[in-house]
Amino acid sequence: MTAIGQDICYICAKELATAIRARKLSPVELVRAVYERLHKTNDRINAFCTLTEEQAVSAARKAEAAVMRGDPLGVLHGIPVSVKDLLLTRGVRTMFGSRTRESYVPEEDAPAVARVREAGGIPIGKTTTPEFGFKAVTDSPLTGITRNPWDLSKTSGGSSGGAGAAVAAGLGPLALGTDGAGSIRIPASFNGIFGLKPSYGRVAVYPSNPVPFLSHVGPMTRTVRDAALLLNVIAGPDDRDLLSLPAESTDYLAACEGGIRGLRVAWSPTLGYAKVNSEVAEITNDAARSFETTLGCHVEAVVPGFESPCRWFAKLWTTSYALRFRALLPAWESRMDPDLVTLIKGSTYLGPSDFAEAMAMRSELWNMTRAFFDRFELLLTPTLPVPAFGAGLGAPEGIAAIAGALPPFPEWLPFTYPWNLTGQPAATVPCGFTCGGLPVGLQIVGRRFADSTVLRAAAAFEDAYPWTHKQPTLVHSEHPKGLAT
């Protein structure tokens with residue numbers, strides 16, 4: 001079995017799987033090629049915090065032997081997959097980006113990781129995250145700063161920043177990320193890849209969150225169809241997650257086909273309250289218009305009508321982290337991220353009535369959103385209001401903290417976290433580049449449980465405006481000049 005004659009690090013997983021089944025590509029050569037690239041680039045972007053090279057090569061050899069014997073093969077047989085360091089991996093340390101868990105080795109896999117293994121996927125390592133995934137950029141006292149492959153002076157976003165940087169840099173075609181306020185879509189947008197937050201419960205989550213409806217696990221990939229392929233594998237219930245959805249028969253890969261002509265689509269450039277960078281506004285507006293001019297939808301510019309839920313989202317976010325981690329402070333405070341400590345201590349400003357009020361406001365948001373989506377099948381927004389900013393910063397310059405020491409970052413995530421509150425599927429697709437060469441993402445939000453429609457819309461956009469031929473050059477520059485083609 002010999003490797004196919006091109007740079008396999010940038011071939012989509014769907015094509016790689018076909019080549020492996022046809023004995024045109026060796027899983028061993030594929031895994032080794034990814035590690036060769038990883039060893040040359042990871043010191044610059046810091047996408048991985050733990051590598052499992054020996055185990056991965058061993059698994060690749062077994063995968064190759066199975067192909068040669070003619071054994072039944074899983075959907076992801078022989079395909080490298082990275083795993084965010086918030087997801088449990090049996091026998092492989094899971095640090096959560098925190099010194100408090102630096103030596104923790106789980107005895108079980110998270111549900112999505114277990115399904116990847118069952119489908120023949122090969123975990124190649126753990127990708128970086130901020131401490132316990134608490135913020136929307138990726139740096140931690142334990143694993144340092146993760147950088148954007150398009151411009152190494154910029155952030156990769158977070159909290160799945162290592163996953164986003166890895167996929168963009170050709171360090172494996174598939175990544176598992178998590179999303180509690182946009183943590184898949186933020187780094188996917190900043191790194192110029194596709195990211196999907198599935199419907200809440202579509203992919204089982206374990207361990208659970210004290211505010212469980214915020215937590216999602218989903219795919220981060222270079223192509224839409226690769227994400228659908230991975231979603232086919234990881235979707236489904238798990239007894240460890242009481243809120244996971246029953247299994248359904250949908251083939252998400254097949255659902256990508258057919259186009260979206262005739263769909264009713266809303267375009268909201270600000271949601272009525274966001275301030276958007278002028279370049280981002282222009283790029284995303286052009287992308288939204290193409291849903292009508294190129295893809296055949298009926299597009300209407302709208303303001304949904306609800307106010308920013310930032311302040312009461314922050315109360316839920318603070319409560320979630322305080323309940324889980326405040327017991328760590330007496331022993332670990334000086335060795336934790338100071339901003340996480342501030343977040344946890346912010347819970348002293350909150351009482352039971354604050355949590356109850358936030359939950360009531362969530363219900364009100366859902367009632368308004370439900371009525372809105374009676375009129376439209378999709379909502380388009382910018383994924384983020386700004387392009388990637390400086391690596392090492394916690395937020396764009398000029399974003400002030402919310403009164404009462406609650407977290408500042410929801411103020412620059414106006415488009416992502418609302419759909420964690422409602423549980424609707426939401427994806428980001430690359431839709432252009434700033435003059436400085438930084439990727440910009442368009443968010444596609446669907447009706448409750450309409451993951452297939454979101455994927456079909458994203459695939460139609462990708463087909464009309466393909467992006468995977470553009471690759472980062474890993475240049476450290478304020479104004480990167482060229483994009484590899």
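Values in this text are rule-based calculations from the coordinates and carry no lab data. Remember, it's a predicted structure, so these values are computed and weren't measured experimentally. Here Cβ is always computed from backbone atoms with ideal geometry, including for glycine, and neighbour counts include all displayed protein chains.
Odds and ends about this structure:
- Per the Cα gyration tensor, the chain maps to an equivalent ellipsoid with semi-axes of 31, 27, 22 Å, ordered largest to smallest.
- Diffusion constant of the range 1-85 at 37 °C, which comes from Stokes-Einstein with the Kirkwood Cα-pair radius and 0.692 mPa s, µm²/s: 246 µm²/s
- The distance between label points at Ala464 and Ser58 comes to 5.0 nm (points 7 Å beyond Cα on the Cα→Cβ vector).
- Taking every DSSP bridge with both residues inside the range 8-464, close to 65 percent are antiparallel.
- With at most 15 other Cβ atoms within 10 Å, longest stretch of the chain clear of loop GluC sites (Glu not before Pro) (DSSP): 109-247
- Extension gain, Glu357 back to Glu29 (0.36 nm per residue minus Cα-Cα distance, nm): 112.6 nm
- Cut-off 20 Å, label 7 Å out along Cα→Cβ of Thr473, residues of the range 425-443 by amide N: 432-440
- 23 Å Cα-Cα reach of Lys135 towards lysines, excluding residues that sit fewer than 8 places from it in its own chain: Lys84, Lys126, Lys154, Lys197, Lys275, Lys315, Lys345
- With the convex hull drawn around the C-alpha atoms of the range 181-308, the volume per residue stands at 144 Å³.
- Spatial separation of Cα centroids for the range 121-162 and the range 38-96, in angstrom: 18 Å
- Only Lys, Arg (+1) and Asp, Glu (-1) charged, at Cβ; the chain dipole about Cα centre in debye: 440 debye
- Value at 222 nm in deg cm²/dmol, rounded to 500, when DSSP H runs of n ≥ 4 in the chain each add -39,500 (n - 2.57): -10500 deg cm²/dmol
- Partner lysines whose Cα lies under 27 Å from the Cα of Lys24, excluding those fewer than 8 positions away in the same chain, are identified as Lys14, Lys40, Lys62, Lys470.
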